[in-house]
Amino acid sequence: MSAREIVRLMNEEEFAVIKALQEAEKPLAQAAERAAAAFRQGGRVIYVGAGTSGRVAAMDAAEMPPTFGIEPSSFVALIAGGSGSQTTAKEDAEDSEHEAILALNDMSVTPIDVVIGIAASGRTPFVVAAVRHARQKGLWTCGIVNNADTPLYKAADLGILLNTGPEVLTGSTRLKAGTSQKLALNRISTVAMVLSGKVIENLMVDVKANNQKLKERCARIVKDLTNATFDEAWEQLDKNHWSVRKVVALLNEPAPTAAKP
């Protein structure tokens, strides 16, 4: 096949990803509701994965604090082989059930936390062991898989099947399976934050203004939610530690009425 033909084939195969997500709308919404409940109680959403699934989980967790202004401990990713596996593949680490149990115990998990395991095969020992151990300790658990009737799907309180089918490169789950997992976590984490009041309309009012681009975004959000101009929004944000939520509340306060004689 030519390069163009391969690209076309891969594009055609990606339609299966959206179809799989549409078929999983109900359980994805249920997982988001559980994640929101955990967050509101001060619990954590703990993603567990190995290889591609672990790196996808780490990506989603890492983007939560700057996007929604939450503590990094609220959404965390537990990856087989440790944090070094985010950049370097450690294929043998996924076979250790013992390490998964130790890692969860080291996190001092409690029943207000939730654990979401992700594994395309649905049988990765590290992920399955973590979900089983978490459930035994009273945590609510979810298993996201790309193969039906698998150990992870059965081990969790809620199994989510993303039926993306065979990969263009047989067994290369960094393709459709990995894409579907990232999109699934996008839905779970984003919906959880919306349900938790971290969004006004469709605007990220708790975004962290850590660079010039984000400061400009904050000013545009304030402008959209108030009668302020961009420059007025910028001035107020600069005075209020770049808290969009605080500035919106200040600018939208009703004008004081004159006291009656």
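The values are calculated or read from the model by the stated rules, or taken from the named source; none is laboratory data. These figures come from a predicted structure and were not determined experimentally. Every residue, glycine among them, receives a Cβ derived from its backbone with ideal geometry; neighbour counts consider all protein chains shown. Accessible surface areas use protein heavy atoms only, side chains included; no ligands, DNA or RNA. Shrake-Rupley method; radii C 1.70, N 1.55, O 1.52, S 1.80 Å.
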* **Pairs, first at positive phi in the range 242-253, second open to solvent by less than 40 Å² (accessible area, probe 1.4 Å), C-beta under 8 Å, six or more apart** => 242/209; 242/218
* Could you tell me which numbered condition residue 72 fails, if it satisfies all but one of (1) closer than 24 Å to residue 175 by Cβ; (2) free of Cβ contacts under 8 Å to residues at least 40 places away in the same chain; (3) not in a helix (DSSP H, G or I)? => (1)
* Hey, residue 146 in contact with a Leu (Cβ under 7 Å, 6 or more places away or on another chain) and of a type outside the set (A, V, I, L, M) or not -> yes
* Does the range 166-186 contain at least one residue that is of a type in the set (Ser, Thr, Tyr), more than 20 Å from residue 19 (Cα to Cα) and in contact (Cβ under 8 Å) with a residue 24 or more places away in the chain? -> no
* Structure fact -> Considering the range 103-124, residues that are touching a Ser or Thr at 6+ places or on another chain (Cβ under 9 Å) and either in a helix (DSSP H, G or I) or not β-branched (Val, Ile, Thr) (or both), and then whichever is surrounded by the fewest Cβ atoms within 10 Å (Cβ to Cβ), we arrive at 123
* Segments classed as helices (runs of 4 or more DSSP H), wholly inside the range 125-202, with at least 3 members that are open to solvent by 10 Å² or more (accessible area, probe 1.4 Å), among the β-branched types (Val, Ile, Thr) and out of contact with any strand residue (DSSP E or B) (no Cβ under 6 Å at 6 or more places or on another chain) -> 176-195
* To do: Scan the range 85-93 and give yes if some residue there is in a helix (DSSP H, G or I), farther than 30 Å from residue 246 by Cα, open to solvent by 10 Å² or more (accessible area, probe 1.4 Å) and touching a Phe, Trp or Tyr at 6+ places or on another chain (Cβ under 9 Å), otherwise no.
  => yes
* To do: Go through the range 187-214 residue by residue and tally those that are touching a helix residue (DSSP H, G or I) at 6+ places or on another chain (Cβ under 7 Å) and not hydroxyl-bearing (Ser, Thr, Tyr).
  => 17
* Kindly indicate which of 61, 20, 16, 37 is within 11 Å of the chain's Cα centre (by Cα) and either among the basic types (Lys, Arg) or assigned to a helix (DSSP H, G or I) (or both). => 61
* Asked: In this structure, does residue 24 turn out to be closer than 22 Å to residue 174 by Cα, surrounded by 14 or more Cβ atoms within 10 Å (Cβ to Cβ) and small (Gly, Ala, Ser)?
  -> yes
